[in-house]
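Input: a single structure, listed below in structure tokens.
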Amino acid sequence: MDNARLFQAERRRRQEATLLAEVARLISGTLDLDQVLTLTAECAVDVFDVHCCGIFLYDDTRQALRLVARSGHDDDGSAP
């Protein structure tokens, strides 16, 4: 049982390292923030095997979070 948990923890660390390396590669390849954020959301969906990912930035004017990038599908099958 402990070996299975250790294996899962190591797998998760490798996934996180893969995502960080991919995001770093993408960021170094473009200065377009929208593109970087969209690609980051896409990587998160793939690496963490989740249905969808949204990235929000704080909008000073509205004093609220604003969705700036997304990837994947909601539970009902629609795009987020």
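Where a number appears in this text, it was derived from the coordinates with a stated rule and is not lab data. Note that this is a predicted model, so its numbers are computed, not measured. Positions of Cβ are generated from backbone atoms using ideal geometry, with glycine treated the same way; all protein chains shown enter the neighbour counts.
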### Task
Under 6 Å between Cβ atoms, at least 6 apart or on separate chains: pull out the pairs that start in segment 1-16 with a residue that is in contact (Cβ under 8 Å) with a residue 12 or more places away in the chain and end on any residue that is surrounded by 10 or more Cβ atoms within 10 Å (Cβ to Cβ) and assigned to a helix (DSSP H, G or I).
Gln15/Val47
#### Entry: Subset of segment 15-37 [β-branched (Val, Ile, Thr) and under 23 Å from Leu67 (Cβ atoms)]
Val23, Ile27, Thr30, Val36
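Is it the case, given these coordinates, that Thr30 is among the β-branched types (Val, Ile, Thr), without any contact (Cβ under 8 Å) to a residue 40 or more places away in the chain and surrounded by 13 or more Cβ atoms within 10 Å (Cβ to Cβ)? Break it down into steps so the answer makes sense when it comes.
On the way: among the β-branched types (Val, Ile, Thr): yes; without any contact (Cβ under 8 Å) to a residue 40 or more places away in the chain: yes; surrounded by 13 or more Cβ atoms within 10 Å (Cβ to Cβ): no.
When the stated conditions are applied, Thr30 does not pass them.
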#### Entry: Every residue from segment 5-52 that is touching a helix residue (DSSP H, G or I) at 6+ places or on another chain (Cβ under 9 Å), of a type in the set (Ser, Thr, Tyr) and in a helix (DSSP H, G or I)
Thr18, Thr40
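Only residues that are at positive phi and among the charged types (D, E, K, R): list them for segment 18-71, please.
Taking segment 18-71 first, the residues at positive phi are 49, 63.
Matches in segment 18-71: Asp49 only.
So, Val68, is that one of a type in the set (Val, Ile, Thr) and in a helix (DSSP H, G or I) or not?
On the way: of a type in the set (Val, Ile, Thr): yes; in a helix (DSSP H, G or I): no.
Judged against the criteria, Val68 is not a match.
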